[in-house]
Amino acid sequence: MEYTRHWSMNESEKVKGDLCSILLDYPYSFPYAFQEKDIRLIPPIDFINKLLKSEGTSGGMSPGCTWKSMSISEEEYEKLIQKLLEFDFESHTDIYPYAPKRLILDEELNKNFPKKEDWEKQQILKYIGVHEFIEFYDEYKPSLYLNSENYGTIEIFGTTGGPQYFGHLTSSKEIKPLFGNKIINTDKVEMIHEWIKYNEKFSKTEWYKATEEMSVSDSWGRQPKILEAYISNNSFISFKTDFKEIKPSINNII
């Protein structure tokens, strides 16, 4: 089959190969098991098929790979696994420069979590652990709480670390009482000022500091406290959570 390798700065080349070639050329085919040693996991068939149907990406300024949409059967998947486990990565680094150093198969993980979205989260919990930049994983929209009352959901735009987040709150409730009536000087609040530097529209609003203790749901079944929060009169919200790291359940390999 024919596919396209994309190098940085939009350079590309047409090549011919098999399914294994496509996956080895695409830098995002195999999630990490141990990043320091570039050891990665062979994911379940649902993950592979959703990847194959996506047609890949050019990578922008990073390397990428694109192909015609396709999917494979269980039988083809089993043959693919065998080929990948037997593949000599060390002698093919010139041909597949973005292939991992080694692949492993976690049969228990794949069996217990066959769906892509479930598998990805469990792979993080088992091998990577949860750091502040994935407190709100993927497209997850956290809920804002006062005690047990849900005040709406937050679309996260980004984080400046700390863990500090910026987003937009959607709520059917009156939230102004949670933040008081005193307009703050945004130049003196780093959590807001960082975002104003990127988009001037954030400075053309009135901002208020939270006066009530609140919490927020995260992607990992927890509800950390909000240590500091600010909201604008058009519902932009900047907040800092009492984030606790989750260590990976496995951190060594034989």
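The values are calculated or read from the model by the stated rules, or taken from the named source; none is laboratory data. Note that the coordinates shown come from a computational prediction; the quantities given were computed from them, not determined experimentally. Note that each Cβ is placed from the backbone with ideal geometry, even for glycine, and that neighbours are counted across all protein chains shown. We work out accessible area using only protein heavy atoms, side chains counted, and drop any ligands, DNA or RNA first. Shrake-Rupley method; radii C 1.70, N 1.55, O 1.52, S 1.80 Å.
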### Cα→Cβ-extended label distance, 7 Å offset, between S54 and Y28, nm
0.4
### Query
For D242, what is the net charge nearby, where nearby means another residue's Cβ is under 13 Å from its Cβ and Lys, Arg count +1, Asp, Glu -1?
-2
### Message
Tell me whether region 37-114 comes out rounded, prolate or oblate; compute the Cα gyration tensor, take square roots of the eigenvalues as a ≥ b ≥ c, and use a/c under 1.5 as the rounded threshold.
### Response
oblate
### Message
Restricting everything to alpha-carbon atoms, can you work out Rg to Rh for region 63-180 with a Kirkwood hydrodynamic radius?
### Response
1.12
### Message
Once R0 is set to 25 Å, what does the formula 1/(1 + (r/R0)^6) return for the Cβ-Cβ distance between L227 and L125, expressed as a FRET efficiency to the nearest 0.05?
### Response
0.55
### Task
With a point put 7 Å past each Cα toward its Cβ, work out how far E139 is from H92 in nm, to one decimal.
3.3
### Where the chain is the region considered: accessible area per residue in Å², 1.4 Å probe
57
### Query
From the residues T241, G180, L227, which one has its Cα farthest along the dipole of the chain in the positive direction, the dipole being from +1 and -1 charges on Cβ of Lys/Arg and Asp/Glu about the Cα centre?
G180
### Under 21 Å from the Cα of K126 - lysines, other chains or at least 8 residues apart
K37, K101, K111, K115, K116, K244, K247
### Summary
Residue separation between T211 and N147 times 0.36 nm, minus their alpha-carbon distance, gives in nm 21.7 nm
### Summary
extent check for region 99-254: Cα max minus min per principal axis, descending, whole Å, gives 58, 34, 22
### Message
Out of the total accessible area of region 74-134 (probe 1.4 Å, heavy atoms of protein only), what percent is carbon and sulfur?
### Response
48
## Note on the structure
Taking 0.36 nm per residue of separation between L105 and S8 and subtracting their Cα-Cα distance, the length gained on full extension comes to 31.9 nm
### Query
Which whole-number percentage describes the relative contact order of the chain, with Cα contacts under 8 Å and a sequence gap of 6 or more?
16
